[in-house]
Amino acid sequence: MQRYFVAPEELAGDRVRITGDDAHHLVKVMRAEPGEEIICSNGLDREVLARIASVDRNLVEAQVVSELPMDREAGVEVWIAQSLPKGDKLETVIQKCTELGADRFLPFVSERTVVQYDEKKEGKRLERWRKIAKEAAEQAHRNRIPDIGQPVSWKQLLKLLPEADLSLICYEKESGLSFRPLLAEARSRGPEGRRPRILVLVGPEGGLTEKEVSEAVQAGCHSVSLGRRILRTETAAMAALGCIMYEYGEMGG
């Protein structure tokens, strides 16, 4: 069944309005007709089963049939801090990590970041990243769309680390510390009243410098290994996230 995120004001009472690209997808791609059922979520606190009432080129209206539980999100909140990689690698990270359950993406610029950060072009890139996250969240039947922030500097990123209950920096030269014991400890002392928040920090293609790793550790990050094999930057975040979700019982029990 097709699933769509709509703005909170478009899911009011017992009516749903779907506009823009989603309406076009329903009408032109899915050939939707009145009477068909879809799932709609406001991305915050409400998800419904709705029956299409009318179809127009730029607008689909539906009637709410029933309320659905908001139970698709993980029991752990994971932030992915990813140094800007070349090409469309960040798009892959956003898509796959959204499917796996990431809650927030923090792109950043580090010393060895190859990509030239262009603030003028960043608006369009950010719009595309958010679209990819939305579509991946719909495909994965999630209740919420991950937040994607504007790229920040290394120093700005370090200031965000204390917001997490546990911060992990994936470092290829780390040989002694596995993050499994850290996850077990974090899970046992989870915060009261909210999900535990774990931040995963991944460097660029050329890796983080020893100075950056040292600064991150001083800021509260734990330097951890992802094993004896060297992973690509776009693989590291997915591997770490998969391990976290497994440890928290989010991979099938």
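Given the structure, is residue 54 polar (S, T, N, Q) and under 25 Å from the mean Cα position of the chain (by Cα)? Working first, answer last.
Details: polar (S, T, N, Q): yes; under 25 Å from the mean Cα position of the chain (by Cα): no.
No, not satisfied.
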I'd like to know if segment 26-35 contains one or more residues that are farther than 30 Å from residue 113 by Cα, assigned to a helix (DSSP H, G or I), in contact (Cβ under 8 Å) with a residue 12 or more places away in the chain and outside the structural domain of residue 107 (by TED's automatic domain parsing). yes
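Looking only at segment 35-51, filter to residues that are charged (D, E, K, R) and under 28 Å from the mean Cα position of the chain (by Cα); which one of those is surrounded by the most Cβ atoms within 10 Å (Cβ to Cβ)?
Applying the filter and picking the extreme gives 47.
Restricting to segment 107-124, and then to whatever is of a type in the set (Asp, Glu) and outside any loop (DSSP other than H, G, I, E, B), can you tell me which residue is surrounded by the most Cβ atoms within 10 Å (Cβ to Cβ)? Reasoning before the result, please.
The first filter runs over segment 107-124 and keeps only residues of a type in the set (Asp, Glu), leaving 111, 118-119, 122.
Subsequent filtering for residues that are outside any loop (DSSP other than H, G, I, E, B) retains 119, 122.
Numbers: 119: 8, 122: 14.
Selected residue: 122.
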Looking only at residues that are surrounded by 15 or more Cβ atoms within 10 Å (Cβ to Cβ) and touching a strand residue (DSSP E or B) at 6+ places or on another chain (Cβ under 7 Å) in segment 169-195, which one is modelled with the highest pLDDT? 169
In this structure, does residue 81 turn out to be in the same structural domain as residue 237 (by TED's automatic domain parsing), of a type in the set (A, V, I, L, M, F, W, C) and crowded, with 18+ Cβ neighbours inside 10 Å? yes
Say we look at segment 86-106 and pick out the residues that are at pLDDT 95 or above and not in a helix (DSSP H, G or I); which of these is surrounded by the most Cβ atoms within 10 Å (Cβ to Cβ)? 102
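The values are calculated or read from the model by the stated rules, or taken from the named source; none is laboratory data. The structure presented is a predicted model; accordingly, all values stated were derived computationally and were not measured. Every residue, glycine among them, receives a Cβ derived from its backbone with ideal geometry; neighbour counts consider all protein chains shown.
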